[in-house]
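Have a look at the structure below, then the notes.
The values are calculated or read from the model by the stated rules, or taken from the named source; none is laboratory data. Values in this document were obtained by computation on a predicted structure and should not be read as measured data. Here the Cβ positions follow ideal geometry from the backbone for every residue, glycine too, while neighbour counts run over all protein chains shown. Quick note on the areas: whole protein, heavy atoms, side chains included, nothing else; ligands and nucleic acids left out. Shrake-Rupley method; radii C 1.70, N 1.55, O 1.52, S 1.80 Å.
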Amino acid sequence: MPTRLRLACRMFVTAIAVGAAVAALAACSAPRRIDTEVAPAADFSSRRTFAWQESQASYDPQPDQSDVEAVKRAIRDTVVEQLALKGFREVEGAEPDFLVSFHLVVTTVMTEPELCIRRHIIFEYSVATPALDEIEVCEGRSMVNTRPLRQGTLVVFVVDPTSHNLLWQGVVVGAAVSRRDNVDSLRGAVMQMLAGFPSGPV
């Protein structure tokens, strides 16, 4: 294979590989910081049940209400699942041992680069065209697509139902909240947040 043509093919393959790597890194490099804190006087060893308080989700700009409700439902369901794994049970119509609520604030709108492929085009030529090693290789215009990416802060509160003192708090900053991955991202963040939640009675 002539040198220039071989170089063009190598550049094309490299461009695809680099573009795929950039897309993969962009998809998994969204910043996420999770912090949790338990009150020194909190004792979960004697608590068995919990109930929900009103929770909120604030967006800027505001998406469809159905999307907001879907996100709130996903957060709540994940909290219930994770607390059940710790030995706690959700109750309704009975006096709970602690109350749970959350507040999600989505305020950051960013753009995330998607796959970028540079096409190196070899011009067409006739039979009378000089040898291949003299054919110029031209680089096509690079196309970079972007999409909206929202990031939010989620705070989960656990309070005593009698004194209303804060018993535990978890915060995740930088969770991805977009149409594509809002539920999966938030579920993963909540699971990670509650991984160190105190266990209930054995």
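Values computed for the structure shown
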read-out	value
Residue that is farthest from Ile75 (Cα to Cα), among those in segment 150-161 that are open to solvent by 30 Å² or more (accessible area, probe 1.4 Å) and at pLDDT below 95	Arg150
Residues being at pLDDT below 75 and either among the β-branched types (Val, Ile, Thr) or on the phi > 0 side of the Ramachandran plot (or both) - total across segment 173-202	1
Of residues in segment 11-66 being touching a Lys or Arg at 6+ places or on another chain (Cβ under 6 Å) and either of a type in the set (Phe, Trp, Tyr) or modelled with pLDDT of 90 or more (or both), the one farthest from Gly188 (Cα to Cα)	Thr49
All positions within segment 80-107 that are among the β-branched types (Val, Ile, Thr) and either within 15 Å of Val159 (Cα to Cα) or part of a loop (DSSP other than H, G, I, E, B) (or both)	Val91, Val100
Hits in segment 86-125 - residues which are polar (S, T, N, Q) and either modelled with pLDDT of 85 or more or open to solvent by less than 70 Å² (accessible area, probe 1.4 Å) (or both)	Ser101, Thr108
